[in-house]
1. Once the Cα atoms of helix 179-190 and of the chain are each reduced to a long axis, what angle between those two axes, in degrees from 0 to 90 to the nearest 10, is obtained?
2. Based on alpha-carbon atoms only, what is the radius of gyration of the range 45-96 relative to the globular estimate 2.2 N^0.38 Å?
3. If you stretched the chain out fully between Arg167 and Arg147, how much longer would it get, using 0.36 nm times the residue separation minus the C-alpha to C-alpha distance?
4. Under a 1.4 Å probe, what is the accessible area of the range 66-222 per residue, stated in Å²?
5. Longer than 18 Å from Cα to Cα, which of Lys132/Lys207; Lys132/Lys188; Lys159/Lys207; Lys159/Lys195 are they? Say none if no pair is.
6. Of the peptides 79-91, 191-203, 43-55, how do they stack up when ordered by the mean number of other Cβ atoms within 10 Å, highest first?
7. With charges set only on the Cβ (+1 for Lys and Arg, -1 for Asp and Glu), what does the dipole of the range 23-73 come to about its Cα centre, in debye to the nearest 20?
8. Where the Cα atoms of the range 9-105 are projected onto their three principal axes, how long is each span, largest first, in whole Å?
Amino acid sequence: MKSPNFGERRDGLRPELVVIHYTAMTSCVAAMRALCDPAREVSAHYLIGRDGVSHALVPEEKRAWHAGAGEWRGRGDINSRSIGIELDNDGFSPFSAPQMDALEELLEGVLSRWSIPANGVIGHSDMAPGRKIDPGPRFDWQRLARRGLSIWPDRAAPKQEPAQFARDARAFGYPEIEGDLLLATFRKRFRPWAKGPLDETDSGVMKNLADRFGIDRDHSLA
């Protein structure tokens, strides 16, 4: 199946991000039907089943309708700036090994074709805090980072005063949002096991990410 739900990328924009989603549906077949239903007006470039089979639904050069409202690094219209990948997952279950293998293979090709750096691979929750929570705390970002397909903070990130957390989060790329939501969004990806109020470890990890991949650093998006 191919999705009819796409258009042209606006203002000459090209992919500089990859946005990872989960479907939150009962099966890959159900998700595919939804993503290819013109009445729903949603789509993604790719859908990967739990069995590891990848389905190409929208050509990469086209603007799929997957991200919705949000921003990353101060830039909106994420659909025109990104490739969207949906993973067949209910939001609670682990992501299967065949599915992750297929995702790695797909990402290697996408990042190479569009010269997207590893820090350009983000979660739906990163660019739409409070509105979206996928791919969720069960998603293995560290595995992707080990293959150079995403990023992860250094283990030796020093602890920092919590007061600078929001500033570093903004430099890293997160939208400007209230503190509790920002902390929850950050932890969902980088410290899903952490509980309680903002602490020095949160701030240290965030500073490490901002220093290595922040907007004003040499590692900015292509």
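The values are calculated or read from the model by the stated rules, or taken from the named source; none is laboratory data. Just so we're clear, the structure is a prediction, and the values are computed from it rather than from any experiment. Methodologically, a virtual Cβ is constructed for each residue, glycine included, from the backbone with ideal geometry; neighbour enumeration extends over all protein chains shown. Accessible surface areas use protein heavy atoms only, side chains included; no ligands, DNA or RNA. Shrake-Rupley method; radii C 1.70, N 1.55, O 1.52, S 1.80 Å.
1. Here the helix axis deviates by roughly 70 degrees.
2. 1.29
3. Working it through step by step, the gained length comes to 4.3 nm.
4. Each residue of the range 66-222 exposes 44 Å² on average to a 1.4 Å probe.
5. Lys132/Lys207
6. 79-91, 43-55, 191-203
7. For this selection, approximately 60 debye.
8. Cα spread of the range 9-105 along its principal axes, largest to smallest: 37, 29, 23 Å.
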